[in-house]
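The block underneath contains the structure these notes are about, expressed in structure tokens.
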Amino acid sequence: MDFDHKHKVISSFNLPTLGMIVGLSDVEFGFKKGMVLKSISSKRYWEVQSRIIHSSTEKRFDGETEIVTHTNIREIGALKDKTEIINSFEYNIKPIGHHEKPTLDELLVFSVTVAVHVIYKVIDIYNDYLLLDTNNGDTGVMHKKYVSEKVQIGDYVRHCEHKIHDLVDECGNFIIR
């Protein structure tokens, strides 16, 4: 997890047509679809779905999935005020394992769980992600596509160089189902 690059939540809301939207400050390089953000305070996770683009003059980042929206002319003043915060951008996000949106002033960080030379215990299974105990009292998430379809709560995951991580027991012995 990269705690050096914290992104402050400057807006957070749900739209019937787009879903959960979060405005983040201090975004230097953008977020690609599938990247995971974690709250430092609540420990909740969200997956980035796309960047919300309001005008052709907005800064763009390579590799981002974009949704272009049309802004009502009356809202331009409010949009201008929001964009005056340096490097602030809006993203469509999807909660992982909950239904809450980030709160104002909450700090989010890019989160990645890599099980290199470490065994992590699966403590919950969500639609697309596994919630892992990282052995230090913290949690991590890993997309289910990197683990066997037969993973169960209580299994352990160990890094494998062949993209699909190994299912093992707590001693590191392979689990075969």
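Quick note: the coordinates plus some simple rules give every number you see, no bench work behind them. This one's a predicted model, so the numbers in the text were calculated from it and none came from an experiment. Don't worry about glycine lacking a Cβ; one is built from the backbone with ideal geometry, like all the others, and counts go over all protein chains shown.
Could you work out the mean projected area of the convex hull around the alpha carbons of segment 93-177, in square nanometres to one decimal?
If I average the Cα hull's projected area over directions, I get 6.4 nm².
Using a simple charge model, +1 on the beta-carbon of Lys and Arg, -1 on the beta-carbon of Asp and Glu, nothing else, what dipole does the chain show about its Cα centre, in debye to the nearest 20?
Here the size comes out at about 340 debye.
Please state the Cα pair-distance histogram of the chain with 5 angstrom bins from zero: what percent is in each bin?
Here the calculated profile for the chain is 1, 8, 16, 19, 17, 13, 10, 7, 5, 3, 1, 0, 0.
Work out from phi, with θ = phi - 60° and the Karplus expression 6.51 cos²θ - 1.76 cosθ + 1.60, the ³J(HN,Hα) of each residue of segment 123-130, listed in order in whole Hz, and give x for Gly and Pro.
10, 6, 10, 9, 3, 10, 10, 9
So what are the ³J(HN,Hα) numbers for segment 41-50, from phi and the Karplus equation (6.51, -1.76, 1.60; θ = phi - 60°), rounded to whole Hz, Gly and Pro as x?
These are the phi-based 3J(HN,Hα) values: 8, 8, 6, 7, 10, 9, 9, 6, 9, 6 Hz.
Which entries in Lys8/Lys43; Lys32/Lys59; Lys121/Lys144; Lys6/Lys145; Lys32/Lys150 show an alpha-carbon gap greater than 18 Å?
Exceeds cut-off: Lys6/Lys145; Lys32/Lys150.
Based on the Cβ-Cβ distance from Lys145 to Leu18, what FRET efficiency comes out when R0 is 35 Å, to the nearest 0.05?
It comes to 0.90.
Across segment 19-28, in residue order, what do the Karplus-derived ³J(HN,Hα) couplings come to in whole Hz, using 6.51 cos²θ - 1.76 cosθ + 1.60 with θ = phi - 60° and x for Gly and Pro?
Listing the rounded values in order: x, 7, 10, 10, x, 10, 9, 6, 8, 8 Hz.
Computed FRET efficiency, Cβ-Cβ of Val168 and Asn127, R0 22 Å: what is it to the nearest 0.05?
After rounding to 0.05, the efficiency reads 0.40.
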